[in-house]
Every structure is written in structure tokens, then in C-alpha cells.
Amino acid sequence: MNMLPCCPRRPVFWMAAAILLVVVASTAFSQKYADLSLTPPMGWNSWNRFGCDVNEELIREIADAMVTTGMKDAGYQYINIDDCWHGTRDSLGFIHPDPKRFPSGIKALADYVHAKGLKLGIYSDAGYRTCGGKPASRGHEFQDAISYAQWGIDYVKYDWCETQNLNGIGAYTTMRDAIRSAGRPMVLSLCEWGSNKPWLWGKEVGHLWRTTGDISPVWDSVVNHGTWQSNGVLQILDMQKGLRQYAGPGHWNDPDMMEVGNGMTANEDRAHFSLWCMLAAPLIAGNDLRTMPKGTSDILENKEVIAVDQDSLGVEALKSSAKDSIEIWFKPLVGGDWAMCILNRNREQRKVSIDWQTENVLDSLSMRNTQFATTTYKIRDLWLKKELGTTKKPLAAKVEGHDILMVRLQKMEK
Ligand code: GLA
């Protein structure tokens, strides 16, 4: 019988197989490290409080304080050095830390931080210079990723200053690929301020993306810095409109690092923190942990509020109503619970009454419905840490100016 030669003997078969292999291999090669941030990352960053004034002693002391203040126990993990750690590049183009500020080198710092059970993050920028005018990664992406991997870095925040004519998706994808090829899992935090709508493409590239320009420790105003402006808590909150559908486990909207403990009132700090948790935002503290007063640690370390942020469903809250400066937000949680907030944007105290039967929420994103007519929930105040009855009766509450009431609605067995 005249049999056709078996497929593997045909050159065309082997060529097709080789091409397939290359495609499969390059796809695997160019993926971000998945599973690094299935819940929003939690940590600390130097910028909001210290700006360019960073050095290895500060970072070591912050790592110590992360443990002694209880922040680590509350879930905070990353210690992120922001801008201005840089020295110069050597003749081969490798970057080195500023020898005066970081005389022991970054690897020694990473070892110190890791020995405490914490992780170390670093900062660079897709352009020629960082926002602080230091050498950035353009043209050195793969080299820089190799250095970070060798140093033991766990988290890279990648900024967007001096990026003339660069394409956002391309620039961030290059750093993603550089990290992948360096072979060490590192969270990639895209910091291009929402300029290129990163929520549309960031999921494939990084683990979180900034949605706005920089935050400032103010409640409700825009701060003018001459050539640029930064935003208060409410400005940033309002800019999250329409973005919740893009976030989820492993890819988060980032409304910027926190300003808790950096000058706002206790009410404002509490509301800011609650809102960030409702938004499933990365919780990156920006205050001086070494001198943190109890009032501040009570906010940053409230485990029941943090549990709302870290809920494994990973769905952001939705605003169900807004009237006379009072906003009501609902966040679906795993297992049928909900978190709910009453935000008072105004300066004066307000009395609010919630009639649950008229407050039903149908969330088309998570396909969840509160169904207050047929489901009863226990109401737990997450700041007072006490039960407020059930949803069988309307809730009467007083909310102070610039403050928030935050409750967990715990589904009761029928
Ligand atoms: C930009 C970023 C900030 C911070 C500074 C550092 O403004 O948005 O978060 O990293 O640069 O220079």
C-alpha cells in the first residue's frame, strides 16, 4: 500500500511547530507575574511624607516601625522607596543608588526588610528623568529590571515624567517584559496618572494603575503647585466615576497613596481611609510610622475596615445615592455580606435615616442584589465596633462633618 509519509517527516510540519513554539514561548515570556496581588497591595511609601528626603536609615527605621506599631500584623507588607534614591549610571549603563544616602546598597536594605518578613519596593520612571530629576529607565529598562531582581526588589512603581512622545502602553509593556525576563516576581505599579486611560489596557501589563494626578492631604480642594496641581480626597473620589468595572483581583484602580496622618482632621482621615477601602484601593500608607500617634494607627489598623478592602470578591463600591452632600455607597462582599458607607462631604453634622426597603441596590457588575424585602442583615458599625440592630428597622444616624459612617451588613440565616 502506498502510504502518505507521516506528518513529522514533512518540513512544513516542523516549521509550523517551531513557529507555534516561539509564539507560545514568547506569550509566556511577556506576561506579567499573575497572582501577585489578588487583593489590593498594602504597604508604605516614602513620597507623601518625605519627598526626596530618603536614605537607608529612614527605610530601616520605617521597616522596624512597621512591625512594632502593628502595621505588619494588620496586613501591611511593602516598604516602597519612592523617588530620589538614585545615584548615577556606571560606564555599562547600570544604575546605582546615591552612595551618600544608601551607602550599604539596596541589596543590604532588601535583606534587612526581608528579614522582618516584609517586602521592598523601588521607584523608576519610563522617561529620561524621574519627576525628581534623577536618572530614569528609558533605554535601560532591561538593565534596570536585572538590577532590581539582583537586589531582591518585590515591587516597582513606574512613573511618567519626561516621557516626550512615548506611547503609554508600549512603555509600560516594555517594563513588564523586562521584569519578566529578569526572572523575579515583582508587582508593577503603573503611575501615569490616568493620562493614557490605563484602566483600558493595564490589566495585561501591571497589577495596579494610578487613575489620577497626585493626592494632597486636603479634604476638598485642588492645590496649585505652579506648573501642576494636586487633588484633595473628594476630588480624587469623584474622579473614580465610571472606573469600577475595570478593577478586580490582580488589577486594581489606584486612587493614589494615602494621606492618613499627614495633616487632615481625624474625621477626614477616617473618611479617607474608609473610602479607599470601599474602592478596593491599594492601601499604601504615606505617614511617618515612627512617630504615628494612636489616633492614626487606630485608623490605619482597623482590621474590620481593612477586611472590606481586602475582600476576595474584589469588587469596588458603587454610589447608590447622592443628595445634599450626603452620599451612600455599597460594596458587595464575598458570601453575601455588604459594606455600606454614609459619607458627609459637608462641614456640618447631618442626621440621616436609612429606610432599607427604599435603599435596595442591584449591582449589575457583580450581579448582586441586597433584597432587603426578603433578606435581613445584622448591622455592624466598623468604627464604633458595635452592632446597630438589623435591617428590619430603619437606621437613624448622625454623621459628623467631613466624616463617614461605615457598617458591614451581615446576612442572617433565614
Ligand atoms: C509623581 C508621582 C508621585 C511621586 C513623584 C515623585 O508626581 O505621581 O506619586 O512618585 O512623582 O517625584
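Observations on the structure shown:
- Residue within the range 154-167 that is closer than 26 Å to Thr296 by Cβ and hydroxyl-bearing (Ser, Thr, Tyr) present: yes
- In the range 387-402, residue nearest to Thr374 (Cα to Cα) [restricted to those that are of a type in the set (A, V, I, L, M) and open to solvent by less than 50 Å² (accessible area, probe 1.4 Å)]: Leu395
- Hits in the range 212-244 - residues which are open to solvent by 40 Å² or more (accessible area, probe 1.4 Å), closer than 18 Å to Leu190 by Cβ and more than 15 Å from the ligand (Cβ to nearest atom): Arg244
- Selection of first residues in the range 116-131 that are of a type in the set (Asp, Glu) and of second residues that are more than 10 Å from the ligand (Cβ to nearest atom), restricted to Cβ pairs under 6 Å at least 6 apart or on distinct chains, gives the following pairs, ordered by first then second residue: Asp125/Ala136.
A quick yes/no check of all residues on (1) within 23 Å of Tyr246 (Cα to Cα); (2) surrounded by 14 or more Cβ atoms within 10 Å (Cβ to Cβ); (3) not charged (D, E, K, R):
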position	(1), (2), (3)
Glu316	yes, yes, no
Glu348	no, no, no
Ile354	no, yes, yes
Asp381	no, yes, no
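- Count of the range 115-142 residues, restricted to those that are within 16 Å of Val156 (Cβ to Cβ), open to solvent by 40 Å² or more (accessible area, probe 1.4 Å) and either more than 14 Å from the ligand (Cβ to nearest atom) or over 22 Å from the mean Cα position of the chain (by Cα) (or both), is 5.
- Scanning the range 367-379 for residues that are over 28 Å from the mean Cα position of the chain (by Cα), of a type in the set (Ser, Thr, Tyr) and open to solvent by less than 60 Å² (accessible area, probe 1.4 Å) turns up Thr375, Thr376, Tyr377.
- For the range 71-94, the set of residues classified as assigned to a strand (DSSP E or B) and in contact with a helix residue (DSSP H, G or I) (Cβ under 6 Å, 6 or more places away or on another chain) consists of Ile79 only.
- Flag for Arg180 being in contact with a helix residue (DSSP H, G or I) (Cβ under 9 Å, 6 or more places away or on another chain), more than 13 Å from the ligand (Cβ to nearest atom), open to solvent by 50 Å² or more (accessible area, probe 1.4 Å) and closer than 20 Å to Arg138 by Cβ: yes
- Check on Trp209, within 16 Å of the ligand (Cβ to nearest atom), under 18 Å from the mean Cα position of the chain (by Cα) and part of a loop (DSSP other than H, G, I, E, B): no
- Unmet criterion (only one of (1) open to solvent by 30 Å² or more (accessible area, probe 1.4 Å); (2) closer than 19 Å to Met239 by Cβ; (3) more than 12 Å from the ligand (Cβ to nearest atom)) for Thr174: (2)
The values are calculated or read from the model by the stated rules, or taken from the named source; none is laboratory data. What you see is a predicted model; the values in this text were computed from it and never measured. Here the Cβ is made from the backbone with ideal geometry for all residues, glycine too, and neighbour counts use every protein chain on show. Only protein heavy atoms, including side chains, enter the accessible area calculation; ligands, DNA and RNA are left aside. Shrake-Rupley method; radii C 1.70, N 1.55, O 1.52, S 1.80 Å.
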